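This report refers to the structure that appears directly beneath it.
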Amino acid sequence: MSDIAVEPTEIPAQLPNIRIAVLGAGKMGGILLQAFLKQNLFALDQIHATVGHMEKAVALSVQWGVDVSTDNLAAASQADLILIGVKPFQCQT
């Protein structure tokens with residue numbers, strides 16, 4: 001029996017072993033996240049993002065196909081790499 005060559009339908013993620021969190025996926029964070037998706041740097045299940053409002057989180061999750069929530073701590077705890085895309089005054093000390 002001969003092997004049949006099958007072309008993959010999707011290019012594998014370029015960084016397959018790194019989980020990323022984008023805290024603040026608004027304008028700047030959202031642009032970075034979309035670039036990661038367009039360049040296929042991470043698989044969808046490797047990306048976690050956060051925004052300030054649950055309605056926006058649901059909409060972006062559906063749009064991008066990644067986990068988007070309002071819980072920064074949960075997103076960061078699942079990540080190897082954390083990008084912070086919020087304005088300095090939005091950070092609490």
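Computed from the coordinates by the stated procedures, all read-outs in this text should not be read as laboratory data. What you are looking at is a predicted structure, and each value in this text was computed from that prediction instead of being measured. Cβ: placed from backbone, ideal geometry, glycine included. Neighbour counts: every protein chain shown.
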Computed, not fitted: 222 nm per-residue ellipticity of the chain from DSSP H runs ≥ 4 (each -39500 (n - 2.57)), nearest 500, equal to -9000 deg cm²/dmol
Viscosity 1.306 mPa s, temperature 10 °C: give me the Stokes-Einstein translational D for the chain in µm²/s, with Rh taken as the Kirkwood radius over C-alpha pairs. 113
Give the relative contact order (percent, whole number) for the chain; include only Cα pairs under 8 Å separated by 6+ residues. 35
If one compares the long axis through the Cα atoms of helix 54-64 with the longest principal axis of the Cα atoms of the chain, the angle in degrees, nearest 10, works out at 20
Simple label model, 7 Å out from Cα along Cβ direction - ASP80 to VAL58, nm: 3.3
Mind checking the angle between helix 27-38 and the chain's longest principal axis? C-alpha axes, 0 to 90 degrees, to the nearest 10. 10
